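Trainee: Starting off with a structure, shown below.
Every number here is computed from the coordinates shown, using simple stated rules; none is lab data. None of these values were measured; they are calculated from a predicted model. Glycine also receives a Cβ, built like all others from the backbone with ideal geometry; neighbour counts cover every protein chain displayed.
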Amino acid sequence: MILRQLLFPAVSRFFPGQRWVNIMLRTLHLIGIAGLGGGFFYPAEGDIWRTFFTLTIWSGVGLTAISIWSNGIWLVQLRGQAILMKLILLGLMPLLPSQRLLLLLVILVISGVISHAPAKVRYYSLFHGRRIDSH
């Protein structure tokens, strides 16, 4: 019961400066994705892409942690599930080096579709079969 209360607060939590932390993490995330794209589309010498990969992963984990902390309902909404899928796909990159570009393209498609989809799509829950705004 305590875990449920922690994960799904009655009112979403926020901390002072959260918006700016999100903006900074999103900016770092975009830099990471841009570096990955450059490294994969125009192969750079060595493994310089790994620095951008690490930046992308950790900024994504930070954004995910803030979203879950604010309200775990995010986990059952399509927007949260899409992010978790993107993290899995990023995690596959080092394991499937020949598929890195394809994985990046799939991640970019998921990102574009989910971030610009209407709320009824982003807040849809596969578990509930309908839009979920709160628990």
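Trainee: If Lys and Arg each add +1 and Asp and Glu each add -1, what is the summed charge of the other residues whose beta carbon sits under 13 Å from the beta carbon of LEU90? List each step's numbers first, then the result.
Mentor: Details: positive: ARG50, LYS86, ARG100; negative: none.
Surrounding charge for LEU90 is +3.
Trainee: Rounded to the nearest 500, what is the chain's calculated 222 nm mean residue ellipticity when only DSSP H runs of at least 4 contribute -39500 (n - 2.57) each, over all residues?
Mentor: Working: 6 runs with 88 residues, N = 135.
Roughly -21000 deg cm²/dmol at 222 nm, from the helical runs in the chain.
Trainee: Treat every Asp and Glu Cβ in the chain as -1 and every Lys and Arg Cβ as +1, leave all other atoms uncharged, and give the resulting dipole magnitude about the Cα centre to the nearest 20 debye. Kindly include the intermediate steps, with their values, before the conclusion.
Mentor: Values: 12 positive and 3 negative charges, 106 e Å.
Here the size comes out at about 520 debye.
Trainee: Turning to a different aspect of this structure: Stokes-Einstein diffusion coefficient for the chain at 20 °C in a medium of 1.002 mPa s, Rh from the Kirkwood formula over Cα pairs: what value in µm²/s? Could the numbers behind the result be given before it?
Mentor: Values: Rh = 16.0 Å.
My calculation gives 134 µm²/s for D.
Trainee: Could I ask something else about it? Over segment 32-112, what is the relative contact order in whole percent, taking alpha-carbon pairs under 8 Å and six or more residues apart? Intermediate values should be presented prior to the final figure.
Mentor: Values: 50 pairs, mean separation 21.2, N = 81.
That works out to 26 percent.
Trainee: Going by how many other Cβ atoms sit within 10 Å of their own, how do THR64, THR51, THR56 line up, fewest first? Don't skip to the end; give the middle numbers.
Mentor: On the way: THR64 18, THR51 13, THR56 26.
Ascending number of Cβ neighbours within 10 Å: THR51, THR64, THR56.
Trainee: Could you tell me how far the Cα centroid of segment 16-63 sits from the Cα centroid of segment 98-135, in Å?
Mentor: Distance between centres, Cα-based: 19 Å.
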